[in-house]
Amino acid sequence: MSQQSKLRHSREPWKRKATARADHHRYLRKELARITQERDRFQQAHRETQERLRQHDAQAPGLVVAHKVDLVWRALRLFLEVRISFRAVSRVLQLLAEGGGLTKAPCPQTVINWVMRLAIVRGDATGALRGLPLPAAPFSNGLIWLIDLSIGLGTGKI
């Protein structure tokens, strides 16, 4: 075997290994570049979205209801003073939600629960005032509210 043949045979495995290693490094460099571009694109989109959100918040009118207490107060006033039904209260609050910044309006059952809690509190308060006239409170007008809590099924009640 000649020197040149020995040299050629001894370099073949090294060349294959070097070529495979170079291919792998090239793949990793391309993958890193792709991931970096994708990350930069997402970061830019995130910054733009945050800026739009800040602009939208700056342009948004003040909230109609800032706290849950205010929402409950409005719902109770609609039911007791305006004298509309539970479903109508929920619909009115839904209209306020669409135009005023509420995320979600309460359902009619929630309004029923709030009125029931108010009635329980007013009923408990009368025990201490036995024999005395009730002061004119915002929702009682000197009267105690009694609410029928039975569930209706068809024409009968449980």
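Table for the structure above
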| read-out | value |
| --- | --- |
| Conditions (1) modelled with pLDDT under 85; (2) in a helix (DSSP H, G or I); (3) not assigned by TED's automatic domain parsing to the domain that holds ARG122; number of the one not met by ARG29 | (1) |
| Whichever residue in the range 68-99 is over 18 Å from ALA119 (Cα atoms) and among the hydrophobic types (A, V, I, L, M, F, W, C) and, among such residues, is modelled with the lowest pLDDT | ALA97 |
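To keep it simple, each residue is scored yes or no on (1) modelled with pLDDT of 95 or more; (2) in a helix (DSSP H, G or I); (3) more than 23 Å from ALA105 (Cβ to Cβ).
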residue: HIS25; (1), (2), (3): yes, yes, yes
residue: ARG39; (1), (2), (3): yes, yes, yes
residue: ASP57; (1), (2), (3): no, yes, no
residue: ALA66; (1), (2), (3): no, no, no
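The values are calculated or read from the model by the stated rules, or taken from the named source; none is laboratory data. What you see is a predicted model; the values in this text were computed from it and never measured. A quick note on method: Cβ atoms are made from the backbone with ideal geometry, for glycine too, and the neighbour counts reach across all protein chains shown.
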